[in-house]
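Accompanying notes for the structure given below.
The values are calculated or read from the model by the stated rules, or taken from the named source; none is laboratory data. Because the structure is predicted, anything quoted here is derived from the model rather than measured. Please note: Cβ atoms are built from the backbone with ideal geometry, for glycine as well, and neighbour counts cover all protein chains shown.
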Amino acid sequence: MGASTGIAWTDATWNCWQGCHKVSAGCKNCYMFADKKRYGQNPDVVIRSAKATFNAPLKWAKNREKYGHINRVFVDSWSDFFIEEADPWRAEAWAIIRETPNLTYQLCTKRPERIAACLPADWGTGYPNVWLMVTTENQPMADLRIPILLSITAVVHGVSVEPMVGPVDLSCIPWPEGWDGHPDGFDALRFDDRNSKKRLARLGWVICGGESGCEARPMHPNWARDLRNQCVAARVPFFFKQWGEWAPWNENHEVEHLHPSTPTCLVKADGKVIRPFCYNDRPGQRMVRIGRDDAGSLLDGREWKQFPAVQA
């Protein structure tokens, strides 16, 4: 963690606190829990990071000659910025964010219901250097979290569909409670009533990725393709981070030469996984476990690494 990171959609990670609690299916194989246990620490205990780590963005913003490569900062990759235990420390974190306007902070949460109560008094229509994001690993979490996210003003509303463990249709997200708008429901991506007195909130960024780690679940390629197609149609920046541990059998030219003992599985469109895969006529997508690095990040032969135009 810190001034360098392996997360492709950010430049640095800032863990002002560490430790978390699992709240949904996307948390099942969270890397933080495994890493903390490896270091002999309890991942369920939320602690404030050491002073040097907590204040790191001040150093990055001040010494641009050394840290000029850092523009986007992912906040709390080992926790959740809006987790309840961090309430006593959050005001200091907001102060650092205000003091470093040349850094863009990506606040990605699984607790959007706490965002409104945890915003600073001077939030207004949103800090220019803060992107509010939620994780929506499947349709139930998208339906639950995205309406809450869009009900809060921000310069960028982002969605991270990672790890993607089921299909996600962003065109059928319901309206945030209490909003007036389209009678057929809130189309978070496509519907933008320019004739309305109040322009509707829209998603400004979508990230997609498969799962990594020893217990990684495979992602059906059609889930990622469909999400990409939704974003292309809606002109929403789309970032495909990775396949994860499992790659589509027909996506990697090396796959045909793999050792016979290489793990394979069949993923059905509804998410059911059949392991080990047996050669038969069952419908579904054959997947092969070749590791995150070899699986790569090509979707239908090309990379998708799009970002919002807004930048601090």
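Observations, loosely collected:
- Of all residues in segment 100-116, those that are on the phi < 0 side of the Ramachandran plot have Cβ atoms under 7 Å from Cβ atoms of residues that are among the aromatic types (Phe, Trp, Tyr) and part of a helix (DSSP H, G or I), 6 or more apart or on another chain, in LEU103/TRP60.
- As a summary of the residue check, LYS59 satisfies the conditions (1) assigned to a helix (DSSP H, G or I); (2) under 22 Å from the mean Cα position of the chain (by Cα); (3) surrounded by fewer than 16 Cβ atoms within 10 Å (Cβ to Cβ) except for the one numbered (2).
- Scanning segment 1-34 for residues that are out of contact with any Cys (no Cβ under 9 Å at 6 or more places or on another chain) and free of Cβ contacts under 8 Å to residues at least 24 places away in the same chain yields SER4, GLY6.
Yes or no, residue by residue, for (1) more than 24 Å from PHE307 (Cβ to Cβ); (2) at pLDDT below 95; (3) touching a Phe, Trp or Tyr at 6+ places or on another chain (Cβ under 7 Å):
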site: GLY2; (1), (2), (3): no, yes, no
site: ILE7; (1), (2), (3): no, yes, yes
site: ASN15; (1), (2), (3): no, no, yes
site: VAL23; (1), (2), (3): yes, no, no
site: PHE54; (1), (2), (3): yes, no, no
site: VAL73; (1), (2), (3): no, no, yes
site: ALA91; (1), (2), (3): yes, no, no
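- Count of residues meeting criterion [within 18 Å of TRP9 (Cα to Cα) and not charged (D, E, K, R)] in segment 97-156: 18
- Every residue from segment 87-107 that is under 22 Å from the mean Cα position of the chain (by Cα) and among the hydrophobic types (A, V, I, L, M, F, W, C): ALA93, TRP94, ILE97, LEU103, LEU107
- Residue tally, condition among the aromatic types (Phe, Trp, Tyr) and either surrounded by 22 or more Cβ atoms within 10 Å (Cβ to Cβ) or free of Cβ contacts under 8 Å to residues at least 24 places away in the same chain (or both), over segment 83-99: 0
- Pairs, first over 13 Å from THR136 (Cα atoms) in segment 148-161, second among the polar types (S, T, N, Q), C-beta under 6 Å, six or more apart: THR153/THR125
- Within this structure, ARG111 passes the test of being basic (Lys, Arg), buried (at least 19 other Cβ atoms within 10 Å of the Cβ) and at pLDDT 95 or above.
- Enumeration of residues in segment 128-152 that are part of a loop (DSSP other than H, G, I, E, B), farther than 26 Å from ASP226 by Cα and in contact with a Leu (Cβ under 9 Å, 6 or more places away or on another chain): ASN129, ILE152
- In the set (1) out of contact with any Phe, Trp or Tyr (no Cβ under 8 Å at 6 or more places or on another chain); (2) at pLDDT 95 or above, ILE148 fails one condition alone, (2).
- Per this entry, ALA201 is not counted among residues that are at pLDDT 90 or above and either of a type outside the set (Asp, Glu) or touching an Asp or Glu at 6+ places or on another chain (Cβ under 9 Å) (or both).
- SER297, sole failed condition from (1) surrounded by fewer than 21 Cβ atoms within 10 Å (Cβ to Cβ); (2) part of a helix (DSSP H, G or I); (3) modelled with pLDDT of 85 or more: (2)
- Single condition GLN41 does not satisfy, out of (1) under 19 Å from PHE81 (Cβ atoms); (2) over 15 Å from the mean Cα position of the chain (by Cα): (1)
- Segments classed as strands (runs of 3 or more DSSP E), wholly inside segment 204-265, with at least 3 members that are modelled with pLDDT of 95 or more and either crowded, with 23+ Cβ neighbours inside 10 Å or within 15 Å of the chain's Cα centre (by Cα) (or both): 205-209, 238-242
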